[in-house]
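Visitor: Below: one structure in structure tokens.
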């Protein structure tokens, strides 16, 4: 058995996972950060709680894995994006409270591992996941192993697709995530709404209570021409980064995760696949990279964290 812990912005969620990747028990607790030592202790207590719920002893668990929003290397947190930790030897701290190995991975990397073993990446040798949320995250499986570089490899959202473009939170200009994240899609949608007060985008946004990543796709499903144009433009922005990734790495599959990925195939996956097939130099005379939807949803982080030991 394995334990995977998904470290979110407000909660910690642990799962007891079997060899096939099935989650057999789950425990949750609020994230109440009071320093690295207390954080390590809370992870250990959560792991013990999920073992108790699943009815297994410590000796039955091979390792604990944790998906961290930030950069990690060799059991150390280099930095995090939502918790004030930097250069923290978390694996060593954890072992003071629970005598099991703690493996650390970036949260997007954990999602990639989960999808690789149990989801959209099954049967591949080289696989990429791209998560579309507030920003763009990514995880790379290369030659059947997770690629992390020096701790923060796979930050695909910071490919520059628009040199000299909008300022990104990272300090550079023109990053892919500024244009092709859910945030970028919302920006496109709002701009279109300002230019077209007659569009069904306004109706959909009012029904949802806000402009969301799904707004344009919902209005496009109603046949609204303005919304259809927004969707086409968004897919073009998304394709710019995907094409770069495919040209450089030529994976068998690229999986899209996050809320935007739930859009209808005919509006997202199919036109994106067409653009990748047409524009990728890597496909000339070679095999076609499949563009697919991630399959595991919110379970990907837990499953991937649990299975980190099989991917590193």
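Visitor: When the chain is modelled as a GNM with alpha-carbon springs shorter than 10 Å, which of 110, 170, 231 fluctuates the most?
Guide: Looking only at 110, 170, 231, the biggest GNM fluctuation is shown by 170.
Visitor: Hey, what's the Cα Rg ratio for the range 232-297 versus the globular rule of thumb, 2.2 N^0.38 Å?
Guide: Normalised Rg, Cα atoms only: 1.04.
Visitor: Right, another one. In what sequence, highest mean first, do 115-121, 289-295 appear when ranked by Cβ atoms within 10 angstrom?
Guide: Result, highest mean Cβ count within 10 Å first: 115-121, 289-295.
Visitor: Right, something else. If you find the alpha carbon centre of the range 108-136 and of the range 44-61, how far apart are they in angstrom?
Guide: Value for the Cα centre distance between the two parts: 27 Å.
Visitor: What whole number of Å gives the distance from the Cα centroid of the range 69-105 to the Cα centroid of the range 186-216?
Guide: 41
Visitor: Further question: By how many degrees, between 0 and 90 and to the nearest 10, does the Cα long axis of helix 269-279 differ from the longest principal axis of the chain?
Guide: Tilt of helix 269-279: around 80 degrees.
Visitor: Averaging sequence separations of C-alpha pairs under 8 Å and six or more residues apart, then dividing by the length of the range 123-294, give the relative contact order as a whole percent. List each step's numbers first, then the result.
Guide: Numbers: 295 pairs, mean separation 39.7, N = 172.
Relative CO of the range 123-294 lands at 23 percent.
Visitor: Next up: Angle, helix 36-54 long axis vs. longest principal axis of the chain, Cα atoms, 0 to 90°, nearest 10?
Guide: On a 0 to 90 degree scale, this one is about 80.
Visitor: Only helical DSSP H runs with n ≥ 4 go in: add -39500 (n - 2.57) per run for the chain, normalise by residue count and round the 222 nm mean residue ellipticity to 500 deg cm²/dmol.
Guide: Using -39500 (n - 2.57) per qualifying helix, the result is -11000 deg cm²/dmol.
Visitor: If I take every Cα pair under 8 Å that is 6 or more residues apart in the range 114-159, average their sequence separation and divide by the length, what percent do I get for the relative contact order?
Guide: Numbers: 58 pairs, mean separation 12.9, N = 46.
Normalised by residue count, the contact order of the range 114-159 is 28 percent.
Visitor: With contacts defined as alpha carbon pairs under 8 Å and 6 or more residues apart, what's the relative contact order of the chain in percent?
Guide: 21
Visitor: Just for the range 123-294, what percent of DSSP beta bridges are antiparallel, to the closest 5?
Guide: 55
Visitor: So, one more: Along its principal axes, what span do the Cα atoms of the chain show, with the longest given first and each in whole Å?
Guide: Sorted largest first, the three principal extents are 61, 48, 36 Å.
Visitor: Which angle between 0 and 90 degrees, to the nearest 10, do you get for helix 225-249 versus the longest principal axis of the chain when only C-alpha atoms count?
Guide: With rounding to tens, the tilt is 50 degrees.
Visitor: Sort the following peptides by mean Cβ neighbour count (other Cβ atoms within 10 Å, averaged over residues), highest first: 234-244, 29-39. Before the final figure, lay out each step's value.
Guide: Numbers: 234-244: 21.3, 29-39: 13.2.
With the highest mean Cβ count within 10 Å placed first, the list reads 234-244, 29-39.
Visitor: Given a 10 angstrom Cα cut-off, can you work out which residue in 101, 197, 264 is the most mobile in a GNM of the chain?
Guide: Among 101, 197, 264, the largest mean-square fluctuation in the Gaussian network model of the chain belongs to 197.
Visitor: Still on this structure, I have one more. As a test of understanding, state the convex hull volume per residue of the range 123-294 from its alpha carbons, in Å³. Could you put the intermediate results ahead of the total?
Guide: Working: hull volume 20.4 nm³, N = 172.
In the range 123-294, the Cα convex hull volume per residue is 119 Å³.
All of the numbers you see were taken from the coordinates with simple rules; none came from a lab. Since the model is a prediction, treat every value here as computed from it, not as a measurement. Every residue, glycine among them, receives a Cβ derived from its backbone with ideal geometry; neighbour counts consider all protein chains shown.
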